1. Return yes when R199 is under 17 Å from the mean Cα position of the chain (by Cα) and under 27 Å from S244 (Cβ atoms) and no when it is not.
2. Would you check which residues across the range 211-269 are within 11 Å of the ligand (Cβ to nearest atom), under 30 Å from T465 (Cβ atoms) and part of a loop (DSSP other than H, G, I, E, B) and list them?
3. Which one of these does L108 not meet: (1) within 25 Å of E432 (Cβ to Cβ); (2) away from the ligand (no atom under 16 Å from the Cβ); (3) surrounded by fewer than 19 Cβ atoms within 10 Å (Cβ to Cβ)?
4. Identify all residues within the range 151-168 that are open to solvent by 60 Å² or more (accessible area, probe 1.4 Å) and away from the ligand (no atom under 15 Å from the Cβ); write none if there are none.
5. Only one of these conditions is not met by V259: (1) open to solvent by 50 Å² or more (accessible area, probe 1.4 Å); (2) at pLDDT 90 or above. Which number is it?
6. Taking R199 and the conditions (1) touching an Asp or Glu at 6+ places or on another chain (Cβ under 8 Å); (2) more than 16 Å from the ligand (Cβ to nearest atom), which numbered condition does it fall short on, given that it satisfies the others?
7. Looking at this structure, is E207 of a type in the set (D, E) and either in contact with an Asp or Glu (Cβ under 7 Å, 6 or more places away or on another chain) or more than 15 Å from the ligand (Cβ to nearest atom) (or both)?
8. Kindly indicate whether D479 is outside any strand (DSSP E or B) and over 25 Å from E385 (Cα atoms).
Amino acid sequence: MTELLLRAPNARVFERGSALYLLDARGAVRRLDGDSAALARAVLTILEQARTRSALFEALAELVGGPVEPASVVDELLSLLKASGAIVSPRRDARVASAPSPSSSSGLRVALCVTGAVQSVHTPWLVSLLLAEGHDVRVVMTRDAQRFCRREGLEALTHNPVCVSLWDARPYGVAPHIRLAEWAELVLVAPASATTIARIAAGSCEEPVSAVCIATRAPVVIAPSMNVAMADAPAVRRNLERLSEDGFIVVHPTSGHEVALAPAERAAMRGTMPSPTDFVAIVRAIVATAPSRREPAAPGAAEGWEARYAHGADERPWETDELDEGAEGTLERAISREHTNSSPLVARAPLASSFRALDLGCGTGTVARFLAARGCAVTALDIAESAIALARGRAEGDRVRWLVADARVATLNGRFDLVHDRALLHVLAPAEQRAYARRVTQWLADGGSLVLTAHDEDAPAELGTTRFQPRAVLDLFGDALSLESIERTAMRGPSGRAVSARRYVLRKLRG
Ligand SMILES: Cc1cc2nc3c(=O)[nH]c(=O)nc-3n(C[C@H](O)[C@H](O)[C@H](O)COP(=O)(O)O)c2cc1C
């Protein structure tokens, strides 16, 4: 097949007087003068469109009004231009345009978070590269980031407002950081300062960058960038380890220049984030290996769950028609214990319907049906209408009040002797978990039990759930609930895959 020739999109060429200079990839300079320079100019202009060698010769002949002779002169020049990287040979099936269009199917909705590390002076370059990759980019900046790079320039580049505050100009809609956190399919913190790393590790949402990172369910890539002494400080290392444990993706720093030193004294020093070009290559690799690129693994909105019900049981990895291992005993104990407390004489007898149980995120209703069969008056709610429809269909007249409702905002009357949660807390965004704990505590009657099953630290990160350690669960509920028991279990889904989890029983103290 005849080879195509094209002027390289990144050809490094400059002119001085009548001479034309070519820079190769290693920075070596090649100078062309007189006729050679004129011929090189003509060839480079003609090859702005990909052509075969013979088409190039035809175009040259047209330009000079006759065949260019000897042809070997042109061939030698072509070899030189190729060797310097000014001319490349695109594949016939490759697109000639250098940048994919923003509508390219590989494009993601990317929230780029910029902090007050000096590498943020490169942000416009990084934004341009991300746009060229086909991503839809929105920028979030800390106050100190704006000292290094102006928001107006980034707004002009992205054609979108830059988020610099938790407060919208008109604060009666969804807060900007929450909107962005939900919108993003990928969050990049680049560069990530030591201060912002500390905020995210501590769960502080005091400014928009850390708030977006904490509230989002999308994968978050952190590119630390700082002076080597800061990078090696135990506090910074501890925070980065914490972020890795929490499921953040942490990029290794490379060598860069320490601007705290005078320009003449600067030497390459470890600690700086990779250059925008290298960082974009890393992001490309992360996206290529991410388990779920388009949809966060654990959707928070009703539409996300509806989509999972529409796609079949395999999309709901922890749905099952059977109780988890050990759950029957735990639930029986919670019911009989409660019953014993309220009326010791009838312990273990079928419960009176006055025993109220609430099943949060009930899915297709396995636990709600079990509790109803034990005589509890059950309220079961799920955010997905399809889940409740399936649950109703399987209940066959069991006494369950089925509700399509979002547990994060639902209004429920009265108090419950038992609140059950299997797989709700761990799909909530970290920023929502404290509010959840407050609501559950309010729903519990004095002496009532919470039976909670959540993924633990051995669950695969790609599920996108929070992988709870016991300390984190106990922290959420503080003094309001006391711990009765913790046991290891596994959540099985339709494929039989078992995901590592813990089941907690917590009790509300009598007031
Ligand atoms: C000139 C200059 C350069 C700085 N470069 C860095 C840096 O590369 N990395 C870093 O972590 N902090 C750096 N800092 C310090 C941060 O700007 C400072 O810690 C700030 O509080 C970061 O806040 P932010 O994370 O909210 O943006 C630099 C400060 C100055 C004045």
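The values are calculated or read from the model by the stated rules, or taken from the named source; none is laboratory data. Everything numeric in this text was worked out from a predicted model, so none of it was measured. Backbone-built Cβ (ideal geometry, glycine too); neighbour counts: all protein chains shown. To get the accessible areas, we keep the full protein, side chains included, count just its heavy atoms, and leave off ligands, DNA and RNA. Shrake-Rupley method; radii C 1.70, N 1.55, O 1.52, S 1.80 Å.
1. Considered against the rule, which asks whether it is under 17 Å from the mean Cα position of the chain (by Cα) and under 27 Å from S244 (Cβ atoms), R199 comes out as no.
2. S225, P253
3. Result: L108 passes all but (3).
4. Within the range 151-168, E152, A156, L157, H159, P161, W167 qualify.
5. So V259 meets the others, but not (2).
6. (2)
7. no
8. Against the criterion (outside any strand (DSSP E or B) and over 25 Å from E385 (Cα atoms)), D479 qualifies.
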